[in-house]
Structure formats: structure tokens, C-alpha cells
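For reference, the structure discussed in these notes is given below.
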Amino acid sequence: MNPVFDLAAVGLLIAVTAVLGFSGVRLSRTTGDFFVASRSVGSVWNASAISGEYLSAGTFLGLAGLVLLSGAEGFWFPIGYAAGYLLVLLFVAAPLRRSGAYTIPDFVEARLESRVARRVTSVVVLVIGWLYIVPQLHGASLALGVVADVPGWVGAVVVATLVAAIVAAGGMRAITAVQAFQYWLKLTALLVPAVFLLVVLTQGGRELDPAAVFPAEYGPGAVDTYATVSLILALLLGTIGLPHVLVRFYTSPDGGSARRTTVVVIVLVGAFYAVSSTMGLIARVVAPDLAVRGLADTVVLALPSRVLPGLVGELLTALIVAGAFAAFLATSSGLVVSLAGVVSQDVFGGSVRSFRLSAVLCTAVPLAAALLTEPAGLVASVGAVFVFAASTLSPVLLLGVWWPRLTARGAVTGMVLGALACGAAFVGGAMIPDAGPWTAVLAQPAAWTIPLTTAVIVAVSLADRGGVPFRVERYLARLHTPDS
């Protein structure tokens, strides 16, 4: 690695990001510009932006490391991440856009006619967002610490400062261009090195023994059935509950455009996951010594120099470093935009000025948490967020769109119980790392927390006969009426 090249790549990325972000400031004037980009973002551009913010540090750095560590088990993550958008396409993309809301709490309040349900939803959205931002800042510190001799906090502070500045200055309209550009940069930053590495490895006379690349103990036969099913449920349903993903569908011109956007997203994220997984397979051949928790997340940064020592390897590493920082910036900015909209409306009244203040506050909280905590595995950290979202927000959104009998009491009870169940599982798993047959149940709780939340929501709603919103049929007709 060459710190000069790496830091130059990061500096160039920051400069381009700043130019794209602040160039959108002159177009951002109204509340609609800041919250939903005036609902005027086309399908391909919006899909690029969604893919840019969805492909986080856990994907860019952590997925290859997980394949290196876990073998076949690591491939369930890209499968679940991409397939989650099929559920978004089928069940929520168009109805949420037709709702006319700015944020997820907006939708919940309008659907359930309840301020209490809105407040509880806002808290859940903030928890999801902040839990998701912290791994991005940890990843920035990790990446910058690997490529340059700087203190660990520098990467987190740089990313948080830039994100807060751009979001506060231009809101959703400004950040859309940044995220779309950063998706294509991230794809290029892994695709180009992957092609170089594959060409060198296949033409270098290296004999690749499949049994050495994927020993039997790391193959499908070693995968725990319960843990795998639970993981897939969390990834599929968790995507529906990610606020920074859902809020982007509000920027589409209509419901049909939201559906087309989702189809393009599936293609874009699928292409990226194929490349990222390939880097993990290359790592199993070239860098098996990095299959250590903590080091595995840095493997994509180490591969080019191992296979191509010299100038070419250093330039490819610099490209990967730029892509990694694009991942941190794109995901963090999308989360901050979605959270700032919630805080601005629920706490400060929803003005442009309050949106800017909220953007700064919503960045400061996870930055403080990142500086006070040690990074865990990036993929595992992001996976926990998917479990929490799938166990709290996703059942409410799905039932809110498709079930007329849903009531505010049912939704609030379910979200609170789901959050407590997830918290208990995570704390129990941390305190009792070896709980015998209960280890998988605590480590991957989605298989029981999601049904628990859903059953409680349905049971309480059915018992709350007088709590069904008065205008529910009219509102659901609005969600499901095709666009003219």
C-alpha cells in the first residue's frame, strides 16, 4: 500500500462529493426539495441512488471478509440483501409512494390516525438509523487506519462532518446526485481490481484446488438450518423496514415509477454483490492468513498488493480505498437524510431551517457512539440492524398497507415488544456466548421475534374493535389504486 496514493484517492473522492453535493444547494429551496427532492427523481437515477446508499461498509469491506471467514454461509447475506427488494417491489414500493407521505412516521400517522403510533414509529426509525450509521463510521476509521498512519477517530470524524454538511446544505435533492455517483464508483472500485486479480491468478499457472478454497467444513453441509432460515427472514423482511431505503421511494414521481425503480435496484445491487463475493473467493486463495476476526474486514484492501506488488497494486488499492469511503459516505448520508426528516417534523415543526439543524444532530449522536465503542464485524453489525427492523417496523408497514383491521394499539404494542425481544436476544447472546442449543436462537433471533411481533399486532388489533381508523377503507383505496 502507498499512503500517498490512498490519501490522494480519499481527498479526490471528498472533493467530487462536495462539488456534487453543494451544487444541488442552489436547487434546494422548498420543504419538498429537502425532504423528497420534489418527487421528481427518475427511475434509473433513483435506483442508482438507492443502490449507492444501500451498499454499505458491511457490503463493501465486510462481505468479502465474511466469505473468507465463513465460507458458504457468507453467501446468504448477498442473496438476502438483494432478494429483500423483491418483497419491497411486491408489497410496499408503490403504495408508500401513493400515500403522499414525506417520512415513515407520516405514513403511520395517516394510516392509523394516531399521534402515539407516530411517536413510537419515530423512535424506532431513529434507533434503526443510528444503529446503521455507527458501523459506517467504524468502517471509515478501520479503512483509514489500515492505509495511513492516522488515529482511529479521524476516518469517522471526516465522514460524519462531510455528511452533515452536505445533508444540511441541500437535503434530499443534493444527496441524490452524490449517492448515484457513489454507486457507480463503488462498483468500479471492486470490479476493476477483481478483473485484474482474476487475470493474473488464472494466467500465473496457479493450481486452484476446490477443496482447499472451500473445505467441506465451510461448505453448505456445515450450515446450521435454524440460523440460516432465521438470517434469511431477517434480511428479506429487514429491507422493508429500513427508513433510508423507503424514504427514497417518496422521491419517485408516481407509484409506477417506484416499481420500476425497485426492478433496476435489484439488477444494480445484484451486480455489485456478485463482484464483492468474487473478491471473497479470491481472498480464500490469496490471503487465508487474514481469516481472523477483525482482520478479515480489511482483506479487500490487502489483495491487490499481494497479487500485484508494485505500482499497479498500489493504484488498485487506492481505487478500493476511494470506493470504501464512497460506501461510508453514501449510506451515512441516506440515513441522515431520512432521520433528519423525522426529527425535523416531529420535534421542530418541519421547516427547512429545522431540517438543517436536525441533520447535524442526527450525525452527532452516532458519531459519539462510534468514538466510544470498538468496531465489531461489519457484516454482523449491519445484520443486527436488519433483525431489529424486521422485528419492529416491517410487520407494521406490511399490515398497514394490506390489512384493514390494523389499529394503533396493535402497532404500538407490537413494535415495543419486538424491540424488547431483539434487545433481550442481543444482550443475552453477548453475555452468554456459549448457551448450548440456545446459542443460535440468541444469535439469530429473527425466526421467533418476527412471528412474535406479528402475532401480537394481529391479536391486539383484533381485540381493539373500536380502534380501527374511521377512514381506513378510503386510505387503502388510495394506496392501491393504479396511477392514472
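With θ set to phi - 60° and the Karplus curve 6.51 cos²θ - 1.76 cosθ + 1.60, what are the ³J(HN,Hα) couplings of the range 350-358 in order, to the nearest whole Hz, using x for Gly and Pro?
Here the 3J(HN,Hα) series is x, 7, 4, 4, 5, 4, 5, 4, 5 Hz.
Mind giving me the FRET efficiency for Leu420 and Asp483? R0 is 30 Å, r the Cβ-Cβ distance, nearest 0.05 is fine. Walk me through the numbers before you get to the answer.
On the way: r = 40 Å, r/R0 = 1.32.
After rounding, the FRET efficiency stands at 0.15.
For the range 332-457, what is the relative contact order in percent, using Cα pairs closer than 8 Å and at least 6 residues apart in sequence?
23
Counting only protein chains, not ligands or nucleic acids, how are Tyr102, Tyr85 ordered by accessible area (probe 1.4 Å), most first?
On the way: Tyr102 65, Tyr85 0 Å².
Solvent-accessible surface, decreasing: Tyr102, Tyr85.
With a 1.4 Å probe and every protein chain left in place, tell me how much accessible area Val247 has, in Å² to the nearest 10.
Accessible surface of Val247 is approximately 10 Å².
Modelled label-to-label distance, Leu90 and Trp448, 7 Å Cα→beta-carbon offset: nm?
2.7
Calculated FRET efficiency, Arg474 and Ala380, Cβ-Cβ r, R0 41 Å, to nearest 0.05?
FRET efficiency, Arg474 to Ala380: 0.40.
Measure of size requested: the Rg and Dmax of the chain, with Cα atoms as the atom set and Å as the unit; please supply both.
In Å, with Rg to one decimal and Dmax whole: 21.9, 74.
How large is the helix-only mean residue ellipticity at 222 nm for the chain, computed as the sum of -39500 (n - 2.57) over DSSP H runs with n ≥ 4, divided by its residue count, in deg cm²/dmol to the nearest 500?
Working: 21 runs with 359 residues, N = 484.
It comes out at -25000 deg cm²/dmol, rounded to the nearest 500.
In whole Hz, what ³J(HN,Hα) sequence does the range 80-90 give by Karplus (6.51, -1.76, 1.60; θ = phi - 60°), x for Gly and Pro?
Working through the residues one at a time gives x, 4, 6, 5, x, 6, 5, 5, 4, 4, 6 Hz.
The values are calculated or read from the model by the stated rules, or taken from the named source; none is laboratory data. Only a predicted model underlies this, so the values are computations on that prediction, with no experimental measurement involved. FYI the Cβ positions are ideal-geometry reconstructions off the backbone, even for glycines, and counts take in every protein chain you see. Calculation scope for accessible area: heavy atoms of the full protein, side chains included, ligands and nucleic acids excluded. Shrake-Rupley method; radii C 1.70, N 1.55, O 1.52, S 1.80 Å.
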